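Okay, so here's the structure we're looking at.
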Amino acid sequence: MNQTPVEIASKEEIKKGDAFIRCAIDGEVKEYDIRITKIDPSEKEVNKGIEIEVTDPELLEKTGGIVQGMSGSPIIQNNKIVGAVTHVFVQDASKGYGIFIENMLENVE
């Protein structure tokens, strides 16, 4: 697994479309394909600014999508970190939300 640091993407750089998350399944960190389906830069739901859908067949087969323990998994698009996984849709585990990396960094002192 590539451990090279990646650049940070601003909210304006994030686009709907292909991306990936990094998470550990079966004790090994891997990259899994997702799609960013919605971007909401408003501040009304700070932890739900990015809507994602898991598209990776291996991850869907192993877990059905987003499961407990994936919160905090980085969301990467165009070789930049755009955010992290925060929530799963209760009715559909293949879909969930992420927080913008910009919002995460605002809270770092």
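List of remarks:
- Restricting attention to segment 42-67 and to residues that are surrounded by fewer than 17 Cβ atoms within 10 Å (Cβ to Cβ) and under 13 Å from Ala24 (Cβ atoms), the residue that is nearest to the chain's Cα centre (by Cα) turns out to be Val67.
- Ala19 in contact (Cβ under 8 Å) with a residue 60 or more places away in the chain and closer than 16 Å to Val85 by Cα: yes
- The residues of segment 3-59 that are among the small types (Gly, Ala, Ser) and either farther than 25 Å from Glu106 by Cα or not in a loop (DSSP other than H, G, I, E, B) (or both), listed by number, are Gly17, Ala19, Ala24, Gly27.
- Among the candidates Val108, Val88, the residue that is assigned to a loop (DSSP other than H, G, I, E, B) and at pLDDT below 95 is uniquely Val108.
- Filter pass, Gly72 being closer than 23 Å to Gln3 by Cα, of a type outside the set (D, E, K, R) and not in a loop (DSSP other than H, G, I, E, B): no
The values are calculated or read from the model by the stated rules, or taken from the named source; none is laboratory data. Here the structure is a predicted model, which means the values were calculated and not measured. All Cβ positions, glycine included, derive from the backbone under ideal geometry; neighbour counts span all protein chains shown.
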